[in-house]
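Before any comments, here is the structure.
The values are calculated or read from the model by the stated rules, or taken from the named source; none is laboratory data. Being a predicted model, the structure only gives us computed values, none of them experimental. Neighbour counts run over all protein chains shown; Cβ positions are idealised from the backbone, glycine included. Just the protein is used for accessible areas: all its heavy atoms, side chains included, with ligands, DNA and RNA removed. Shrake-Rupley method; radii C 1.70, N 1.55, O 1.52, S 1.80 Å.
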Amino acid sequence: TSSSTQNGDGRLRKIAMDPRLFVKRARDTYDAVLVDLSPPATAPLNRFYTVEFFAEARDALRADGVFSIGIGGAENYADPGTRRLAASVYHSLQSVFAHVLVIPGERLRLVAAQRALDPDIAGRLARRGVETRYVNADYLEARLTADRMAQVRELVASPAPLNRDFAPAGYQAHLRHWLDQFGEGLLLPFLLIAAVALILATLLAGSAQRPVAAAIGASGLAGMGLEVV
C-alpha cells in the first residue's frame with residue numbers, strides 16, 4: 001500500500017485506527033470486506049472471528065456485498081483442535097449471513113454473503129476478462145475438486161459453539177489445538193517458569209537499578225501470564 005500510495009494511486013487509502021471500530025461505523029458502504037489476519041491466538045485477534053464482528057461487517061456491506069476471512073488450514077488432515085476452530089467460525093458466520101462458501105487450501109477461506117455464492121471462480125474470471133498468472137484455471141480446478149470441497153464441508157459441519165466476544169470459543173479452540181501438540185502435563189509449564197525466574201534473577205544481579213529492573217521484569221511476566229490465562 002505504501003509504494004502504491006507514494007506513486008500517486010488515489011484508489012488506495014491507509015487508515016490508522018482500530019479495524020473493528022472502523023467497520024462498525026460503516027453502513028451499506030462496501031462491495032467486499034476481506035479480512036487477512038493471523039489465527040485467533042489471542043483475545044484481541046479473536047475479536048475479528050466473532051458473531052458480533054461478522055454482524056458489523058454485514059452491516060458495512062451493500063446488499064450484494066461479500067465478506068471473506070481465512071482460518072487455520074487443513075490441507076490433508078485436520079486435528080480435533082483445528083476442526084473445533086473451523087466449525088466454530090463457520091457456524092458463527094452462518095448465524096449472520098444467509099450463505100457461506102468454504103474454499104479449501106493451506107488456509108481455509110470462508111466467503112459469506114446474503115446472496116447465493118458460486119465456487120466456479122475460474123469461470124467468473126474468464127467471463128470478466130480477468131487475466132491471472134498463478135491463480136489460473138488449472139490451479140483453481142485442482143484446488144476445487146469435488147472431493148476437496150466435500151472434505152472441507154464435512155470439516156466445518158462438526159458441532160461447535162458460536163464464537164462470541166464474551167464467549168471466545170474460537171480462542172479456546174486455537175489454544176486447545178496448541179496444547180494438544182505438547183500434552184497436558186505440568187513439566188513444561190514448570191520448566192518455563194523456572195527458565196523465566198532464572199533469567200530475571202540474572203538480569204537483576206547485573207543491574208545497577210534493581211528496583212526498576214524488577215518492576216519491568218515483573219510487569220512483563222504478569223502480562224504474559226494474563227495472556228495465557
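Results, tabulated for the structure shown:
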{"read-out": "Estimated [θ] at 222 nm from DSSP helical runs (n ≥ 4, -39500 (n - 2.57)) normalised by residues in the chain, nearest 500", "value": "-15500 deg cm²/dmol"}
{"read-out": "Globularity index of the chain, i.e. its alpha-carbon radius of gyration over 2.2 N^0.38 Å", "value": "1.27"}
{"read-out": "For segment 72-123, alpha-carbon Rg relative to the globular expectation (2.2 N^0.38 Å, N residues)", "value": "1.20"}
{"read-out": "Residue among N163, N136, N46 with the largest mean-square fluctuation in a Gaussian network model of the chain, springs linking Cα atoms under 10 Å", "value": "N136"}
{"read-out": "Whole-percent carbon and sulfur share, accessible surface of the chain, 1.4 Å", "value": "60"}
{"read-out": "Under 17 Å from the R153 label point (7 Å along Cα→beta-carbon), backbone N, segment 109-131", "value": "109-113, 116-121"}
{"read-out": "GluC sites (Glu not before Pro) restricted to DSSP loop in segment 63-167 with at most 16 other C-beta within 10 Å", "value": "E75, E106, E131"}
{"read-out": "Efficiency of FRET between A55 and I15 - r from beta-carbon atoms, R0 25 angstrom, step 0.05", "value": "0.75"}
{"read-out": "For segment 95-196, average projected area of the Cα convex hull in nm²", "value": "10.8"}
{"read-out": "Mean accessible surface per residue for the chain, computed with a 1.4 Å probe while every protein chain stays in place, in Å²", "value": "63"}
{"read-out": "D165-A208 FRET efficiency (beta carbon distance; Förster radius 45 Å; 0.05 resolution)", "value": "0.50"}
{"read-out": "Local electrostatic count at G81 - Lys and Arg +1, Asp and Glu -1, tallied over other residues with Cβ under 9 Å", "value": "+1"}
